[in-house]
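One structure is given here, and the rest of the page talks about it.
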Amino acid sequence: MNEKKLDWLNSLIADVYEVDKSILNPDTSFLEELNADSLKRTVLSAEIEEETGVYVSVAQLLYMEKLADLYKELGEWLNEK
């Protein structure tokens, strides 16, 4: 996994959800720990697409329980050098 890309993604998630990046890991829950609502998921979806070119729909994000689900969805991009 490209650590630089993962760090960028975690920084984005921390900014969108207004949390400290240090709490983020694959087991972090969108609902319980990030208090994710649909508006923040919409922002996250747009930012990911703008910066990476990878489209992750809001509907997909709504079904993701943990950050591991998002990491998996972005796996190809995260594994590029």
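Here are the numbers for this structure:
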{"read-out": "Where a residue in the stretch 43-70 is farther than 13 Å from Leu12 by Cα and its partner, wherever it lies, is among the hydrophobic types (A, V, I, L, M, F, W, C) and part of a helix (DSSP H, G or I), with Cβ under 7 Å and at least six apart", "value": "Val54/Ile48; Val54/Trp77; Val56/Ile48; Leu61/Leu44; Met64/Leu70"}
{"read-out": "The lone exception for Leu9 - which of (1) of a type in the set (A, V, I, L, M); (2) within 18 Å of Glu76 (Cβ to Cβ); (3) assigned to a loop (DSSP other than H, G, I, E, B) it fails", "value": "(3)"}
{"read-out": "Test: residue in the stretch 6-15 that is at pLDDT below 95 and open to solvent by 20 Å² or more (accessible area, probe 1.4 Å)", "value": "no"}
{"read-out": "Members of the stretch 24-33 found to be among the aliphatic types (A, V, I, L, M) and over 15 Å from Leu6 (Cβ atoms), listed by number", "value": "Leu31"}
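Here's the yes/no breakdown for (1) modelled with pLDDT of 95 or more; (2) part of a loop (DSSP other than H, G, I, E, B); (3) within 18 Å of Asp7 (Cβ to Cβ); (4) open to solvent by 80 Å² or more (accessible area, probe 1.4 Å):
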site	(1), (2), (3), (4)
Ser22	yes, no, yes, yes
Asn35	no, yes, no, yes
Leu44	yes, no, yes, no
Ile48	yes, no, yes, no
Ala59	no, no, no, no
Asp69	yes, no, no, no
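The values are calculated or read from the model by the stated rules, or taken from the named source; none is laboratory data. As the structure is a computational prediction, the values presented were derived from the model and not from experiment. Using ideal geometry, Cβ is built from the backbone for each residue, glycine included, and neighbour counts are taken over all protein chains shown. Just so you know, the surface numbers come from the protein's heavy atoms only, side chains and all, with ligands and any DNA or RNA stripped out. Shrake-Rupley method; radii C 1.70, N 1.55, O 1.52, S 1.80 Å.
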